[in-house]
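Here is the structure we will look at.
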Amino acid sequence: MAVMALVAFVGWERRTPHAMLDLGLFRRRPFTGGSLVIVLMTFAIAGMTFSLTQYLQFVLGYTPLEAGLRTVPLALAAAVSNPVGLQLGRRIGHWVITIAFALMAVAFLIIAAIRPGDGYGHLLTGLIVMGIGGGMVGPTAYTAITTALPKEQAGVGSAVNDAAQEAGNAFGVAVLGSVLSAAYASSLPDGVTGPARESIGAALAAAAARGGAAGQALA
């Protein structure tokens, strides 16, 4: 349905004399590039934070509130690095995006290297590095979008920026969430069936209800 709606929207916008979104704007490389960068940035951050909330609650044992508070360092790091990214963007241009994405890749590697028993400290390092990268990339991408358009179309640029963020968030949660779910299900013993295969939370609930050695093995 979403694909059909998108095709219908594009077809309508190309034919109507008063398009809500001039698709010709995407022929401008700074505009298209900035939009794509925002999608990729939010894809990475949203998908990662969605996955980490599961880890914080079901592996480290935090409550939902405690898990949420432990992701705050990512936002704080982004807020601190945002003006740094703005200044770097003025000096070295689009290269700041390359540096920022490299930092985000390092953050993923740090988090991927977490092993059982590492605790929150290892994760905190990854969150801070991810926040620094995400905070640095934003200003340059936003500037690329807005400066690619004439002043009378500034509202269009702002709307596309918002839409790109929402698209990245949605795809990040959907794609990385699906990857996490598939990896989790494939790692379970062959004898595990039913709701326990659907999520970590369901598996822990089933383990608690089963009890004994079987419950401990499932947990």
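The values are calculated or read from the model by the stated rules, or taken from the named source; none is laboratory data. All values derive from a computational prediction rather than experimental measurement. So basically every Cβ, Gly included, is an ideal-geometry build from the backbone, and we count neighbours across all protein chains shown.
Regarding residue 112, is this residue among the aliphatic types (A, V, I, L, M) and at pLDDT 90 or above? Against the criterion (among the aliphatic types (A, V, I, L, M) and at pLDDT 90 or above), residue 112 does not qualify. Look at (1) of a type in the set (Val, Ile, Thr); (2) surrounded by fewer than 17 Cβ atoms within 10 Å (Cβ to Cβ); (3) within 16 Å of residue 104 (Cα to Cα) and you find that residue 16 fails only one, number (3).
Every test in (1) out of contact with any Pro (no Cβ under 8 Å at 6 or more places or on another chain); (2) farther than 25 Å from residue 161 by Cβ is passed by residue 59 save one, and that test is (1).
Residue-wise test of (1) touching a helix residue (DSSP H, G or I) at 6+ places or on another chain (Cβ under 8 Å); (2) of a type in the set (A, V, I, L, M, F, W, C); (3) under 26 Å from residue 143 (Cα atoms); (4) in contact (Cβ under 8 Å) with a residue 24 or more places away in the chain.
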{"site": "1", "(1), (2), (3), (4)": "no, yes, no, no"}
{"site": "8", "(1), (2), (3), (4)": "no, yes, no, no"}
{"site": "34", "(1), (2), (3), (4)": "yes, no, yes, yes"}
{"site": "41", "(1), (2), (3), (4)": "yes, yes, yes, yes"}
{"site": "53", "(1), (2), (3), (4)": "yes, no, no, no"}
{"site": "63", "(1), (2), (3), (4)": "yes, no, no, no"}
{"site": "75", "(1), (2), (3), (4)": "yes, yes, yes, yes"}
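The number of residues in region 21-57 being under 20 Å from the mean Cα position of the chain (by Cα) and of a type outside the set (Gly, Ala, Ser) comes to 19.
Starting from residues that are among the charged types (D, E, K, R) and modelled with pLDDT under 85, keep the ones in region 141-164 and report whichever is nearest to residue 85 (Cα to Cα).
Here the answer is 151.
Has region 20-32 got any residue that is in contact (Cβ under 8 Å) with a residue 60 or more places away in the chain, within 30 Å of residue 99 (Cα to Cα) and touching a Phe, Trp or Tyr at 6+ places or on another chain (Cβ under 6 Å)? There is at least one residue in region 20-32 that is in contact (Cβ under 8 Å) with a residue 60 or more places away in the chain, within 30 Å of residue 99 (Cα to Cα) and touching a Phe, Trp or Tyr at 6+ places or on another chain (Cβ under 6 Å). Sub-6 Å Cβ pairs linking a first residue in region 78-93 that is among the hydroxyl-bearing types (Ser, Thr, Tyr) to a second residue that is assigned to a helix (DSSP H, G or I), at least 6 apart or interchain, are 81/132; 81/135; 81/136, ordered by first then second residue.
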